[in-house]
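Single-structure report; data block below.
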Amino acid sequence: MSMHKPSAVFALLVLLGGTSVAEAATLRAEITPHGPLVKLSDLFAGLLPGQDCDIGPAPSPGQRQIVPASQVQAIASQFGVELPDGAVMHAVSIQRPARTVQREEVSTALKAALATAGAPPDSDISLGVFASLELAADNTAAPIVSGLNYDPQSGRFSASLQFASPDDDTRTIHVTGRVEQMVESLVLKHALPAGFPVTAADVAPARVRRTALRGTPVTDIAEFAGLVTRQPMPAGMSLTQDGFLRPMLVARGRPVVLRLSSGGLALTAGGTALEAGGAGDRIHVMNSATRAILIGTVAGASDVMVDPGTAPVFSNQPALGAGQLPRLVADTTSSGLPQLSNSAQEAR
């Protein structure tokens, strides 16, 4: 209310009476009622026992009203509040404490209702946008979920939540959202570059939303010993099994030593890697002297063990198309290439 009109907070004052006389009462500068009614003791301190009473409705939660000095004087006279000699009346601010309904309390109430409706007990929920409410600060009662509509197939739901008020004014909000399946995964404690080995010191266990993962989650980092990250990974990223590859020992287009062992015979020759590969990867290589293209297994840095079963292809060109590369009858793909490891195929 304005400073020039009486506040509606005290519209009922003329209906209330007070005969007790307070001595040396003092006027408060601000009032913060914690209920739906303003009491005389909210306005004046030092009242006599039994003198306190309700004097009118409080503002709505979060709202503020100003009581002019003239009305404060009238209240003191109406209820027989005796103030010290020379006490000066002043305007008083009345503001009722409020709190905003948080998403967390909405989620908590919904989780319990959704579990009863058949949602997985270890799931999480993702809420859509909803219009929040301001409640009295002392109103901490849990909301009541009503009108729940849950689809187990899609995980989507809608519901209404009712918040009871000490003012007997029940307020309702409507929400929509989706149930999210949670899975165990390891997440990075800090960022890592591509080609970096991941150890137990780099990860921490966590529960993450299944929809946030793009592959099978990693739960035991020991299973990926000797592998490295496929790409740069930021801190907090969940690890998936397809995020790793063998470290590249041989680079495409770089010189390699070709080694062939067959029937007790061991031969070596210089060659060129036509693909990149890590330890154990099968890649195509070319003999630098004969221009024969062969298949070999990466055995170490710059070392490739040539498969004695390779049917070599000869060419004067440094690189051939996929249909011209040698292949093995016992181990081919539909493209006609030997079955290579994921890391070798990706690095081509």
Q. Ordered by residue, what ³J(HN,Hα) values in Hz, to whole numbers, does the stretch 147-163 give under the Karplus form 6.51 cos²θ - 1.76 cosθ + 1.60, where θ = phi - 60° and Gly and Pro are x?
A. x, 6, 10, 10, 10, x, 5, 8, x, 7, 8, 9, 6, 10, 10, 10, 10
Q: Apply 1/(1 + (r/R0)^6) to the Cβ-Cβ distance of Ile66 and Ser126, taking R0 = 56 Å, and write down the FRET efficiency to the nearest 0.05.
A: 0.80
Q: Which order do the peptides 212-223, 232-243 take when ranked by the mean count of other beta-carbon atoms within 10 Å per residue, highest first?
A: 232-243, 212-223
Q: Could you list which residues have their amide H under 5 Å from that of Leu148, counting only those 5 or more apart in sequence or on another chain, with H placed in the peptide plane?
A: Ser160
Q: Taking H placed 1.01 Å from N in the peptide plane, check which residues at least 5 places from Asp307 or on another chain put their amide H under 5 Å from its amide H.
A: Ile295, Gly296, Thr297
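When you count, for each residue, the other Cβ atoms within 10 Å and take the mean per peptide, how do 180-188, 197-205 rank with the highest first?
180-188, 197-205
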(Q) Taking the Cα centroid of the stretch 33-79 and of the stretch 241-305, what is the distance between the two, rounded to the nearest whole Å? (A) 90 Å
**Q.** In sequence order, calculated HN-Hα J values of the stretch 288-296 (Karplus, 6.51, -1.76, 1.60; Hz; x Gly/Pro)
**A.** 5, 7, 9, 6, 7, 9, 10, 10, x
Q. What ranking, highest mean first, results for peptides 92-105, 57-70 when packing means the other Cβ atoms within 10 Å averaged over each residue?
A. 57-70, 92-105
(Q) Using each residue's phi in the stretch 267-280, evaluate 6.51 cos²θ - 1.76 cosθ + 1.60 at θ = phi - 60° and report the 3J(HN,Hα) Karplus result to the nearest Hz, with x for Gly and Pro. (A) 10, 10, 7, x, x, 10, 7, 8, 9, 7, x, x, 4, x
(Q) Under the rule of at least 5 residues apart or a separate chain, name every residue whose amide H is placed under 5 Å from the amide H of Ala98. (A) Gly62, Ala137
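Coordinate-derived values only; no laboratory data. What you are looking at is a predicted structure, and each value in this text was computed from that prediction instead of being measured. Positions of Cβ are backbone-derived with ideal geometry, glycine not excepted, and every protein chain shown enters the neighbour counts.
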